[in-house]
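A.B. asks: Below are the structure tokens for one structure; questions will follow.
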């Protein structure tokens, strides 16, 4: 009888949510902005549903939101597995991964993916898209903008310098370039484009309010799910695609 009761207890423990898991998972948010806060809430909610204990203390598994937090964690190396998002250009951190268990989910769709989605929606076979970028961002931009789809147009101070080139294109992609996204520069570009019948594309959801024609917005619910899935899985792909709203 005692043996039967013991077996039953073991069975109940094994079936309990979270048994055998790393119960403590740290959620570190280094951005004090509404989208990051909403994502943090969704991640914590999902972790609890799956039997984990979200924590801010010492954990071997960490979910980190934002570049500053990721850089800090990679330097300190106090984790067994690091899962991150809200890093615009995660490939720039590859060397710091150093063979460790580090996985990320993109916070914006790769430009090629956005252009393909737009072309499919408009039933266009092939398009060439102009991309104004600052000199400081040109090297990074070229890594993410394959020649097959994009024409990179570098400028020094503001995009007005390349307006004479932009006017020759029907489509313009807005790259996440801090100088380009400076409000005065962004509005100049969009106003010029609208005056000349240019269609704007982007993977940055916030740009919708400025009249960008086609935007692939992040699905934060799906992003949270992907981050929590990575607590238990270790895919070959270290940086997963950004989930977008349908």
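The values are calculated or read from the model by the stated rules, or taken from the named source; none is laboratory data. The shown structure was predicted, so the numbers you read here are calculated from the model rather than taken from an experiment. Methodologically, a virtual Cβ is constructed for each residue, glycine included, from the backbone with ideal geometry; neighbour enumeration extends over all protein chains shown.
A.B. asks: Here is a list of conditions, (1) touching a helix residue (DSSP H, G or I) at 6+ places or on another chain (Cβ under 8 Å); (2) more than 30 Å from residue 204 (Cα to Cα), and residue 70 meets all of them except one; can you say which number that is?
C.D. replies: (2)
A.B. asks: Filter segment 150-201 down to residues that are part of a strand (DSSP E or B) and either under 20 Å from residue 136 (Cα atoms) or not assigned by TED's automatic domain parsing to the domain that holds residue 137 (or both), then give me how many there are.
C.D. replies: Qualifying residue count for the region: 8.
A.B. asks: Still on this structure, I have one more. Of all residues in segment 112-156, which are within 20 Å of residue 91 (Cα to Cα) and free of Cβ contacts under 8 Å to residues at least 40 places away in the same chain?
C.D. replies: 112, 135, 138, 139, 141, 142, 145, 146, 147, 150, 152
A.B. asks: With segment 1-86 as the region, which helices (runs of 4 or more DSSP H) entirely inside it contain at least 2 residues that are at pLDDT 85 or above and assigned by TED's automatic domain parsing to the domain that holds residue 234?
C.D. replies: It comes to 34-49, 67-76.
A.B. asks: Let me ask you something else. Please find, within segment 205-226, the residue that is modelled with the highest pLDDT out of those that are farther than 16 Å from residue 109 by Cα and in a helix (DSSP H, G or I).
C.D. replies: Here the answer is 225.
A.B. asks: Take the residues in segment 92-116 that are assigned to a helix (DSSP H, G or I) and in contact with a strand residue (DSSP E or B) (Cβ under 7 Å, 6 or more places away or on another chain); name whichever of them is surrounded by the most Cβ atoms within 10 Å (Cβ to Cβ).
C.D. replies: 115
A.B. asks: Name every residue in segment 118-140 that is in a helix (DSSP H, G or I) and over 21 Å from residue 244 (Cβ atoms), in order of residue number.
C.D. replies: Correct list: 135, 136, 137, 138, 139, 140.
A.B. asks: Report the residue count in segment 152-166 for those that are more than 12 Å from residue 189 (Cβ to Cβ) and over 23 Å from the mean Cα position of the chain (by Cα).
C.D. replies: Residues that pass the stated criteria total 5.
A.B. asks: Look at residue 231 and say whether it is touching a helix residue (DSSP H, G or I) at 6+ places or on another chain (Cβ under 8 Å), buried (at least 17 other Cβ atoms within 10 Å of the Cβ) and assigned to a helix (DSSP H, G or I).
C.D. replies: yes
A.B. asks: Another one. If we keep just the residues of segment 185-204 that are free of Cβ contacts under 8 Å to residues at least 24 places away in the same chain and surrounded by fewer than 18 Cβ atoms within 10 Å (Cβ to Cβ), which is nearest to residue 108 (Cα to Cα)?
C.D. replies: Here the answer is 187.
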